[in-house]
Each structure stands twice: as structure tokens, then as C-alpha cells.
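The values are calculated or read from the model by the stated rules, or taken from the named source; none is laboratory data. Note that the coordinates shown come from a computational prediction; the quantities given were computed from them, not determined experimentally. Reconstructed Cβ throughout: ideal geometry from the backbone, glycine too, with neighbour counts over all protein chains shown. Surface areas here come from the heavy atoms of the whole protein model, side chains and all, with no ligands, DNA or RNA. Shrake-Rupley method; radii C 1.70, N 1.55, O 1.52, S 1.80 Å.
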Amino acid sequence: MYVFGGLMQTAHKNLAANDTTLANEITDRLSQELVIAFVGPVGSGVSTAAAQIRDVLAGDFGYDVAPIFKPSDIILRQCPLVEIVPPSKDDLAVYIQTMQDAGNAIRQRFGNEYLVEKIIEKIKLYREEKGGYTANVEQPGRRAYIIDSLKNIEELALLRNIYRESLCVVGVFAPDEIRRQRLIDGGAIENSVNQLMTRDQAELMTFGQNTRKLFVEADLFVCNDRRPEELNTSIKRFLDIVFDTAIHTPTRAESAMYEADAASANSACMSRQVGASIVSSRGELIAVGWNDVPKFGGGLYIEEDRSRYDEVQKAVVNKDHRCHNWAGGICHNETRRTKIISKVSEAAAAVGKVSGELAPAVLESVGRSEIADLIEYSRSIHAEMEAILSVAREGKHSLVGATLFTNTYPCHNCARHIVAAGIVNVIYIQPYMKSLATKLHADVVTEIPDKVGMVVFRQFDGIAPRNFIRLFKPAAPRKMGGRISRTERANAVPIFRVPLDARSHYEDKVIADLAQKEHV
């Protein structure tokens, strides 16, 4: 392996006479390569966004961008391996369905990571054609690899294990009606579009499509329901932030979603950690909440309740009665739901006179029904409700015209309280399949953007909370000599960088430097 441009083999100059510090030498061995993977439901315009980010990286940032890697191209070439005839695009619906079938069959035969493994192979070959990591190349250079697009969580896991922080995941979305119309305009038969969209987002088979689960892992969420110029503006802003070439501060939505996601860390719920924040009609943060068990006097149990001093007992006692720490540490919602499923199964088996080996089949069948989606028996108050109630406890603000941000789509129980509170917008990241909000409250809740007279539930658009601090508080100084100091795009390096060398090589470098200092 090439290490530090031969510095390990040369004597060091006295650091007092050398402007290059050891830290800078190590920093110079951080890769400038980027791997950008896109994910988005069918019809969202992922390919359009991928092409735009390619053009900006190549044109503005001077990056060598490899040809966009498409798993669909691999599927087309590998169709014969699973005895499927490569489809034509004459009928868009048939083409997509056949590609989904072929992709599933390929994953079933070769593993869920197979398509991404083939792309990793292409990345390595492209790098080697450009000189790669060889003894005469100090840096593999300003190079980017774009993947259009991922379909399951195993693909993302493999990419993150290999490329670490140099991997950026971009989630592209558009409202359902816009995606549906795009598919119809592209040639899909109208009555087949819903089936295509549902299958793409959450197929049940383990080797199938699952963009819904994958989408929420994105580093950037981009709404593609606008004109190409607006999409381009979002992409340029993201790259300027990643390369720290311009000062950008968070949007109100990005700040509020960060507050909501941070609040979720307070939750001790064994099912999922949900956080919410509320911004007033004037744009001020007025509340946060998370899902957990309520306690006497208002609010929720917190970590400090584990060691509270009890005036009656005159001793420090554990008053944390959250589910993990109370009544056997069980999830009451799941426990009661399971009992209901068992009782219904037993009753159905008795009526049908089913016994013996067939009885488990009844239990399995009932377990797959909507009974499994019951959410009525949890001891925890939901994050959205805690945020709303915290405003009521303080009595300082109005919720009329407010916007609620949550890292998870609200359930239908919370939805009705959100409507009653006067909140007019809900912004979310993760979907929640059990929610019947738009079905039970179709008169007042909608997912159609800009709908007047209804509470609008919308997907979050912006920098993901996971990157909030890293991207909006970069280490580089903002000024030099009293003036703003920014690196030109063509010379800037990304904030997300990984070492080119093994950790042991950096340790060897430090030890060699110490030896030289002590020798002097």
C-alpha cells in the first residue's frame, strides 16, 4: 500500500522550521472521493436528480464523475440467468413489473446485495483505469460515483460498511398524485399504477423492493415536485454545504426536524423512539415531545426518576415506571395484542373444528390480519401528544396555525388531536404503515401539497437530522483577515472524508515523528 507519499522512508525536518504539521500531513491522506447513492419510489424522478448532481459535480466542482451506475442495467443483462426475457419499454407498466420480477429473482438467487456488489466491482475497475491507489498516486483524486438507485436496506448496509462517511444517500420523493401522473404520462396503464407503486415501496418478500424502509436512511431529502431549476437549487445548496463552499444556515424545517429527532433520544419505548416539535405560525419553536409513559404531576418519566429522593421514605428510590423498568419489563401493547390474536385464533379454530397440525396455521393467518396493527394498549403517550400537552401545561402559546414536525408519520389517534389543536401542517420523515389518518379523517387530513382548508401531511425536505451538527457547524474558519474566507468550488474538499490508509499506518507515522523529535 502507498503510505504518506514516501514520508515514512524519509527523515523529518525539524517541525519548528516546517510549516506542515503532522495533523495536516494526515489530513492530506483523506480521500476526496464521493459515492452518492440515490433512493426513491417509482415515479419520483430519481434519474433526473442523479443527472443534475452529476452535472454540478463535474461542472462546478471539477470532479471526474464516472458514468452513472444503474442496477437496472445489471438486471437487464442478468435476466437470462433467472430465465426472464429482458423487457422492452413499449409498455411502461409491463417493463417495470418485469424488472421488479427479475430483480427479485436475481436477489433470491445471488443474495440481496448482489446488484450493489456488481456496482462496487465497477467502481473499483473505474478507479483502477484512472490510476487507482498505486505507489505513484498520492490521491485517487476528485472523483465521484453515482448509483441510481438502491432498493433494499442490505444494499445500503454494504455500501456504508465499505465507503463509510464518503457515502452520501439522497432520498428523492414526490407526492403520490404527481408520481402516478408521471407513470401514466410515461405509458403505464392507469389501473396498474397503484400496484406498481405499492410493490416498489414495501414488498413483503425479503428479496423484494423496499424503498420505504430504505428511504428514511437518506442524508438529504429532496422534493422533486417542482421545476428542474428548483431541484437544481436544492442540489447546489446541498453540495455547497457538503464542500463548505458557502455559508448556509438551516432552514426552519431543518432546525425543527433536528429538534424533533433529538427529542426522540429521550424515549425509552421498546418499540420505537419518536420525537416531535411544534413551530408556531410565526416560526418560533414552542414545544418538543417524545413517546414515553406519563407520570403524576404532568410530563413523562425521565432518567433522573431512577434515583429520586422520596420525602416519605427518607431515601433515594427508583420511581422510573417506564415499561422497561416496571411490571416485568414487558411491552403492554404487544402483549395484549398477542393475547387477542391467540383468543381469536382459538375461537376460529373451535368454530371450524380445526385442531392438531392445522391449528398453528389459523394462528398465523389471524396474526397476518389487521389485528396485528392494533395500537390501543400502549402505556406511552405519543410524541405528538406530549408536544401538544406541553403547550397546554405552560399555557403560553397558541397552536392555531402551527406546524408539527415528527420523525415518524403520526398515527390516526394523534391525527385527530392534531386537527383539534388547530395545527395546519405536519412534516414527517419515517412512514407509519399502521396509520389510518388520511382514511379515518379524509375530510380534514390530506397528503396533497398546498391543499387549502385541510391539515396537510408532507414528507420532510432538507438535510437529514443525522447530519445537522456535522454540516452546519464545520471546522473551517469562516473568515480570514476580517473578511469572509471560502474555498472555490473547484478546489474544495468534502466534509465527508475517509482515510486512505489503515489506522496502523497513521500510528506508525506518529511514532516515526516522535522518534525524529527525540533524536534531535
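Quantify, in whole percent, the carbon and sulfur part of the accessible surface of the stretch 386-432 (1.4 Å probe; protein heavy atoms only).
Details: 920 of 1760 Å².
Whole-percent figure for carbon plus sulfur exposure: 52.
Starting with the highest mean, order 429-442, 255-268, 451-464 by the number of other Cβ atoms within 10 Å, averaged over the residues of each peptide.
Highest to lowest by the protection proxy: 255-268, 451-464, 429-442.
For the stretch 70-190, what class follows from the C-alpha gyration tensor (a ≥ b ≥ c being the square roots of its eigenvalues): rounded when a/c is under 1.5, otherwise prolate if a/b is larger than b/c, else oblate? It would help to have the intermediate numbers written out before the result.
Working: a/c = 2.28, a/b = 1.69, b/c = 1.34.
Cα axes put the stretch 70-190 in the prolate bin.
How would S369, S345 line up by accessible area, probe 1.4 Å, largest first?
On the way: S369 45, S345 10 Å².
Largest accessible area first, the list is S369, S345.
Which length gain, in nm to one decimal place, applies between H519 and K295 when the Cα-Cα distance is subtracted from 0.36 nm times their residue separation? Provide the component values of the computation, followed by the final result.
Details: separation 224, 0.36 × 224 = 80.64 nm, distance 6.51 nm.
Result: 74.1 nm gained on full extension.
Given +1 on the Cβ of Lys and Arg, -1 on the Cβ of Asp and Glu, and no further charges, what dipole in debye does the stretch 143-266 carry about its Cα centre, rounded to the nearest 20? It would help to have the intermediate numbers written out before the result.
Working: 15 positive and 20 negative charges, 32 e Å.
For the stretch 143-266, the charge dipole is close to 160 debye.
Could you calculate the contour length gain from R237 to D305, that is, 0.36 nm times the residue separation minus the distance between their Cα atoms, to one decimal place in nm? Intermediate results must be reported in sequence, preceding the final value.
On the way: separation 68, 0.36 × 68 = 24.48 nm, distance 4.37 nm.
So the chain would gain 20.1 nm between R237 and D305.
What spacing in nm lies between the two simple spin-label points modelled at S47 and L76, each 7 Å away from Cα in the Cβ direction?
Label-label distance for S47 and L76, simple model: 0.8 nm.
For Cα pairs less than 8 Å apart in space and 6+ apart in sequence, what is the mean separation divided by the residue count of the stretch 442-520, i.e. the relative contact order in percent? Could you put the intermediate results ahead of the total?
Numbers: 30 pairs, mean separation 9.8, N = 79.
Once divided by the residue count of the stretch 442-520, the mean separation gives 12 percent.
How many angstrom lie between the C-alpha centres of the stretch 403-432 and the stretch 471-485?
The stretch 403-432 and the stretch 471-485 have Cα centres spaced 38 Å from each other.
Say the dipole of the chain comes from +1 at the beta carbon of Lys and Arg and -1 at that of Asp and Glu; which of S365, A392, I448 then lies farthest toward its positive end?
Selected residue: A392.
Given C-alpha coordinates of the stretch 381-451, what is the ratio Rg to Rh with the Kirkwood estimate of Rh? Write out the running numbers ahead of the final one.
On the way: Rg = 11.8 Å, Rh = 12.5 Å.
Checking Rg against Rh, the ratio lands at 0.94.
In the chain, what percentage of the DSSP-assigned beta bridges are antiparallel, given to the nearest 5?
Numbers: 19 of 47 bridges.
Restricted to the chain, the bridges split so that about 40 percent are antiparallel.
Given the peptides 83-90, 333-340, arrange them by the average over their residues of other C-beta atoms within 10 Å, most packed first. Working shown, then result.
Details: 83-90: 12.0, 333-340: 15.2.
Packing order, densest peptide first, comes out as 333-340, 83-90.
Please state, to two decimals, what the Cα-based radius of gyration of the stretch 298-443 comes to when divided by 2.2 N^0.38 Å (N = residues). Working shown, then result.
On the way: Rg = 20.6 Å, N = 146, 2.2 N^0.38 = 14.6 Å.
Relative to the rule-of-thumb radius for its length, the stretch 298-443 sits at 1.41.
Could you pull out every residue, at least 5 positions away or on a different chain, whose amide H is within less than 5 Å of the one on L300? Hs are placed 1.01 Å off N in the peptide plane, and Pro or chain starts have none.
Under 5 Å from the amide H of L300 lie the amide H atoms of K295, each far enough along the sequence or on another chain.
Go through W290, W326 and list them by solvent-accessible area, largest first, probe radius 1.4 Å. Working shown, then result.
Numbers: W290 45, W326 100 Å².
Accessible-area ranking of W290, W326, largest first: W326, W290.
Counting only the heavy atoms of the protein chains, how much of S271 is accessible to a 1.4 Å probe, in Å² to the nearest 10?
Estimated to the nearest 10 Å², S271 gives 80 Å².
Once both labels are modelled 7 Å past Cα along the beta-carbon direction, what's the Q181-D28 spacing in nm?
Simple spin-label model gives 5.5 nm for this pair.
If you stretched the chain out fully between A157 and E394, how much longer would it get, using 0.36 nm times the residue separation minus the C-alpha to C-alpha distance?
Roughly 81.0 nm would be gained on extension.
Could you tell me the accessible area of R272 in Å² (1.4 Å probe, neighbours in place), rounded to the nearest ten?
Accessible surface of R272 is approximately 100 Å².
How large is the charge dipole for the chain, taken about the Cα centre, if only the Cβ atoms of Lys, Arg (+1) and Asp, Glu (-1) carry charge, to the nearest 20 debye? The partial results should precede the final answer.
Values: 63 positive and 66 negative charges, 134 e Å.
In debye, rounded to 20, the chain gives about 640.
Can you tell which of T245, A262, Y163 lies farthest toward the positive end of the dipole of the stretch 159-302, using +1 and -1 charges on the Cβ of basic and acidic side chains (Lys, Arg; Asp, Glu)?
A262
Between rounded, prolate and oblate, where does the stretch 276-369 land on the alpha carbon gyration tensor, with a ≥ b ≥ c its root eigenvalues, rounded for a/c under 1.5, else prolate if a/b exceeds b/c? Could the numbers behind the result be given before it?
Details: a/c = 4.93, a/b = 1.82, b/c = 2.70.
Cα axes put the stretch 276-369 in the oblate bin.
Could you give the C-alpha radius of gyration of the chain expressed as a fraction of 2.2 N^0.38 Å, taking N as the number of residues it contains?
Numbers: Rg = 27.1 Å, N = 520, 2.2 N^0.38 = 23.7 Å.
That works out to 1.14 for the chain.
Tell me which residues come under 5 Å, amide H to amide H, from L167 once H is placed; ignore anything under 5 positions away on its chain.
V35
Would any residue of the stretch 268-312 have its amide N under 13 Å from a label point 7 Å out along Cα→Cβ of N318? List them or say none.
Only 305-308 fall inside the zone, counting backbone N under 13 Å.
Holding the Cα-Cα limit at 18 Å, pick out from K70/K118; K213/K451; K151/K213 the pairs that are longer than that.
Working: K70/K118 10 Å; K213/K451 27 Å; K151/K213 9 Å.
Listed pairs above 18 Å: K213/K451.
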